[in-house]
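Engineer: Before we start, here is the structure in question, set down as structure tokens.
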Amino acid sequence: DVLSLLRGHGRDINGIEKVVSVKTEDYIRPVSIFETDFEKDDLIVTFDGLINDRDFIKKVEAILTTLQEKLGTPVDIEFASDGKDFYLLQCRPQSFGGINAPAPIPKDVPEKDQVFSARRYISNGLITDITHIVFVDPDGYYSLPALDDLIKVGRAVGKLNSLLPRRRFILIGPGRWGSRGDIKLGVPVGYSDISNTAALIEVARKKANYVPEPSFGTHFFQDLVESNIKYIPLYPDDPDTVFNERLLSGASNILADILPEFAYLDKVIRVIDIAKSFDGRALQINMNAELEEALAYLAPFTGQSK
């Protein structure tokens, strides 16, 4: 906890005045090494000392401008700084444009046609004409007894990634995609195993008083952003959310047809051909960050998506 850290060691941290401020009853004031009582004052992290440093801001502006000119696009950067030296850790193009405009959320979709809804950490976007769903059943995945079987689920997903129509399928799975340590927390895949999906959905269902953390902040997640793969964390235990597992479990599973070597995992991995299972229709996902809402539902196939 940052306050505990500041209480015990704030006075000893070099450059602490660039990071924290003191909150009083009606205003925020800078830290003074001589006047601030680190054990009693209400300390908050503001980075005001850096933001108000004109030399530092000019340095950041010059770096961002140079990177944008050389790369031909606005960028996001990760950096570290002690106020004197600047360390550029990472640079990625910003994801922006009409493809990321907020989509209206329809209110007249019949319940039987709703696949899932989400109300946390929603970005903007509209995905139409999804033809396939790859659903890793959480109960089936968690019940696999052998580590090797868990690893093979990830391998099967990687093969499906190369076989299914690019950007016309979505992946739905338990916990945190790309888990490396405890792979019971999520399917062990790398970016190359999911690179062709249109959207990655993480089902964060409460299990034994534990809710898996979403992938925000990881390099895996940054790969999704850069590739414009939509990421949606799904919390089925939240009120007013939809997770139509009956629809997903009741549809025909074509896993054995396209990956016969993994047919024995058909209780864990379900590959759904949406048109064949649902009268020629497709899946559409509307995402609206302003409303903090997303809805995935069956809709007519338009043939207009690229």
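Engineer: May I ask you to say which residue of Gly173, Gly190, Gly178 is on the phi > 0 side of the Ramachandran plot and among the small types (Gly, Ala, Ser)?
Structural biologist: Gly178
Engineer: Looking for something among the acidic types (Asp, Glu) and touching a residue at least 24 places away in the same chain (Cβ under 8 Å) - is there at least one such residue anywhere in region 84-98?
Structural biologist: Looking only at region 84-98, we keep the residues that are among the acidic types (Asp, Glu), and these are 85.
Imposing the further condition that a residue be touching a residue at least 24 places away in the same chain (Cβ under 8 Å) reduces the set to none.
So far as region 84-98 goes, no, none of its residues is among the acidic types (Asp, Glu) and touching a residue at least 24 places away in the same chain (Cβ under 8 Å).
Engineer: Among the residues of region 58-77, is there at least one that is under 15 Å from Leu6 (Cβ atoms) and under 34 Å from the mean Cα position of the chain (by Cα)?
Structural biologist: no
Engineer: Identify, by number, the condition in (1) surrounded by 10 or more Cβ atoms within 10 Å (Cβ to Cβ); (2) over 21 Å from Leu224 (Cα atoms); (3) at pLDDT 90 or above; (4) hydroxyl-bearing (Ser, Thr, Tyr) that Ser81 doesn't meet.
Structural biologist: (3) is the only condition that Ser81 fails.
Engineer: Still on this structure, please answer the following. So for region 175-193 (the condition being assigned to a strand (DSSP E or B) and in contact with a Leu (Cβ under 7 Å, 6 or more places away or on another chain)), does at least one residue qualify?
Structural biologist: Looking through region 175-193, at least one residue is assigned to a strand (DSSP E or B) and in contact with a Leu (Cβ under 7 Å, 6 or more places away or on another chain).
Engineer: Here's another thing I want to ask about it. Looking at Leu89 and the list (1) touching an Asp or Glu at 6+ places or on another chain (Cβ under 8 Å); (2) hydrophobic (A, V, I, L, M, F, W, C); (3) in a loop (DSSP other than H, G, I, E, B), which single condition is not satisfied?
Structural biologist: Tallying (1) touching an Asp or Glu at 6+ places or on another chain (Cβ under 8 Å); (2) hydrophobic (A, V, I, L, M, F, W, C); (3) in a loop (DSSP other than H, G, I, E, B), Leu89 fails exactly one: (3).
Engineer: Here are the criteria: (1) within 15 Å of the chain's Cα centre (by Cα); (2) modelled with pLDDT under 95; (3) open to solvent by less than 40 Å² (accessible area, probe 1.4 Å). Tell me which single one Thr197 does not satisfy.
Structural biologist: So Thr197 meets the others, but not (2).
Engineer: Which of the following residues is among the hydrophobic types (A, V, I, L, M, F, W, C), open to solvent by 50 Å² or more (accessible area, probe 1.4 Å) and either assigned to a helix (DSSP H, G or I) or modelled with pLDDT of 95 or more (or both): Ile99, Ile63?
Structural biologist: Ile99
Engineer: When Tyr191 is evaluated against the numbered criteria (1) within 18 Å of Asp273 (Cβ to Cβ); (2) within 15 Å of the chain's Cα centre (by Cα); (3) open to solvent by 10 Å² or more (accessible area, probe 1.4 Å), which criterion, by number, is the only one it fails?
Structural biologist: So the condition that Tyr191 fails would be (1).
Engineer: Moving on. For Val31, which of the numbered conditions (1) within 18 Å of Glu226 (Cβ to Cβ); (2) in contact with a Phe, Trp or Tyr (Cβ under 9 Å, 6 or more places away or on another chain); (3) surrounded by 12 or more Cβ atoms within 10 Å (Cβ to Cβ) fails to hold?
Structural biologist: Result: Val31 fails condition (1) only.
Engineer: Still on this structure, please answer the following. Would you be able to tell me the number of residues in region 239-290 that are in contact with a strand residue (DSSP E or B) (Cβ under 9 Å, 6 or more places away or on another chain) and of a type in the set (Lys, Arg)?
Structural biologist: Qualifying residue count, region 239-290: 2.
Engineer: Hey, among the residues in region 137-165 that are hydrophobic (A, V, I, L, M, F, W, C) and part of a helix (DSSP H, G or I), which one's farthest from the chain's Cα centre (by Cα)?
Structural biologist: Leu147
Engineer: Select from region 66-78 the residues that are open to solvent by 50 Å² or more (accessible area, probe 1.4 Å) and not in a loop (DSSP other than H, G, I, E, B) and write down the one among them that is modelled with the highest pLDDT.
Structural biologist: Thr66
The values are calculated or read from the model by the stated rules, or taken from the named source; none is laboratory data. Since we're looking at a predicted model, the values are computed, not measured. All Cβ positions, even for glycine, are placed from backbone atoms using ideal geometry, and neighbour counts span all protein chains on display. Accessible surface areas use protein heavy atoms only, side chains included; no ligands, DNA or RNA. Shrake-Rupley method; radii C 1.70, N 1.55, O 1.52, S 1.80 Å.
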